[in-house]
1. Can you spot a residue in the range 184-197 that is in contact with a Cys (Cβ under 9 Å, 6 or more places away or on another chain), modelled with pLDDT of 95 or more and either outside the structural domain of Ala109 (by TED's automatic domain parsing) or within 30 Å of Gly370 (Cα to Cα) (or both)?
2. Output yes when any residue across the range 274-290 is within 15 Å of the ligand (Cβ to nearest atom) and among the hydrophobic types (A, V, I, L, M, F, W, C), and no when none is.
3. Look through Tyr149, Tyr127, Tyr59, Tyr63 and report the one residue that is in contact (Cβ under 8 Å) with a residue 40 or more places away in the chain, aromatic (Phe, Trp, Tyr) and closer than 30 Å to Cys348 by Cα.
4. With respect to Arg14, is the statement that it is assigned to a helix (DSSP H, G or I) and without any contact (Cβ under 8 Å) to a residue 12 or more places away in the chain true?
5. Would you list the helices (runs of 4 or more DSSP H) that sit entirely within the range 81-185 and hold 1 or more residues that are within 16 Å of the ligand (Cβ to nearest atom) and not β-branched (Val, Ile, Thr)?
6. Quick one: Ala78 ticks every box in (1) under 18 Å from the mean Cα position of the chain (by Cα); (2) buried (at least 22 other Cβ atoms within 10 Å of the Cβ) except a single one, so which number is it?
7. For residues that are part of a loop (DSSP other than H, G, I, E, B) and more than 21 Å from Ala39 (Cα to Cα), scanning just the range 196-221, find the one that is farthest from the ligand (Cβ to nearest atom).
8. Name the residues in the range 324-382 that are crowded, with 16+ Cβ neighbours inside 10 Å, free of Cβ contacts under 8 Å to residues at least 40 places away in the same chain and small (Gly, Ala, Ser), would you?
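The values are calculated or read from the model by the stated rules, or taken from the named source; none is laboratory data. Because the structure is predicted, anything quoted here is derived from the model rather than measured. Every residue, glycine as well, gets a Cβ built from its backbone with ideal geometry; the counts of neighbours run over all protein chains shown.
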Amino acid sequence: MSVVPVIEADVLRRQDPELAEILLGELARQSTTLQLIAAENFSSPAVLAALGSPLANKYAEGYPGARHHGGCEIVDVAERVAVERAKALFGAEHANVQAHSGSSAVLAAYAALLRPGDTVLALGLPYGGHLTHGSPANFSGRWFDFVGYGVDAETGTVDYAQVRSLARLHRPKAIVCGSIACPRHIDYALFREVADEVGAYLIADAAHPIGLVAGGAAPNPVPYADIVCATTHKVLRGPRGGMLLCGSELAERVDRAVFPFTQGGAQMHTIAAKAVAFGEAATPAFTAYAHQVVANARVLAAGLAGEGFVVTTGGTDTHLITVDPLPLGVDGRAARGQLAAAGLVLDCCPLPHGDSRGLRLGTAAVTTQGMGEGEMATIAALLAGVLRGRVDTRRARDEVRGLVGGFPPYPS
Ligand SMILES: Cc1ncc(COP(=O)(O)O)c(C=O)c1O
């Protein structure tokens, strides 16, 4: 099967060389630089094939068996397969696979459980809360009254004592747990206990760890949260998209919150691609992958600490590492640019004391490429070499090319 069927079939190249060039350029960029963005991965050719399939043509408002459009008998089967695979993978009574993105999933969770003006307790944005956790620039901050908890400035982990005291003080309608920058497992049982104490719903935004959950390498929030929101494109390695998991008592509210409340027609090609990804994630090979992602992240974190970076929480339990590069003489924002020029692609992120000058790295993509602990040590040395000026940009680019050349994401 071709990696990018449209390009390999030469159809796009013949009809629209300008766009073909752009697609191939991006494929080359992904194949010749190091993808260390914690939210990214390489979907399989099978996932890409489903995304590029004629299911993209089909309009399908509603749910299987109850659509507003005709001709849905085949796509209904695709959505049922996706739902059943998601339920089995995560042990959930109900799954909604229509959310167009992680943000859409969070919006739908709020729509299912809250009214505008309700109080919500979530991780503050300066400490790793997502935009949908109360940013004033986002619907969440405008429509709900968010109270933010933080992380312990010393340890970098969620300040659970503060979660409890703020919950008692503000009596929120919902508590959100989940982060864009937390490298450690979240204590879902403790969040459940606090939510029960104050009569709040618990929403787990597991956008980041859900792929590790699928592979048995991180705790599953499903038994604890009223609704779990997730993305399908991070460690889970599916198409860009979202999903919601919940118990059967909330199934109808969740489904109606997605369609018709916050979305229109389901994207059937993406739903089919999610089904493919869930199928892949149920295999022993994916379990091994998820554990290797964490093993690689631990080695990378240790390597970075050895090079002088301050590693938040002292390490990681997941695919994600956050570091302060200041001891190497540069802050996160400047470091990101320097590293990108050298072909090392990663993000800035918040640090425990609340400024956004950290660096966030993830091992999902490099592990999909087949890299192991040995390569992680090389990457740590490269990152430090560039920032300390030991390795100039041109040499670093050559070294990156040499490294990724041995691990093509899409060998063809
Ligand atoms: C915790 C969390 N929630 C929500 C999202 C939003 O996902 P999307 O970008 O698909 O809207 C992200 C994305 O990175 C995230 O990390």
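1. Yes, some residue in the range 184-197 is in contact with a Cys (Cβ under 9 Å, 6 or more places away or on another chain), modelled with pLDDT of 95 or more and either outside the structural domain of Ala109 (by TED's automatic domain parsing) or within 30 Å of Gly370 (Cα to Cα) (or both).
2. yes
3. Tyr127
4. yes
5. 102-113, 139-143
6. (1)
7. This residue is Gly199.
8. Gly332
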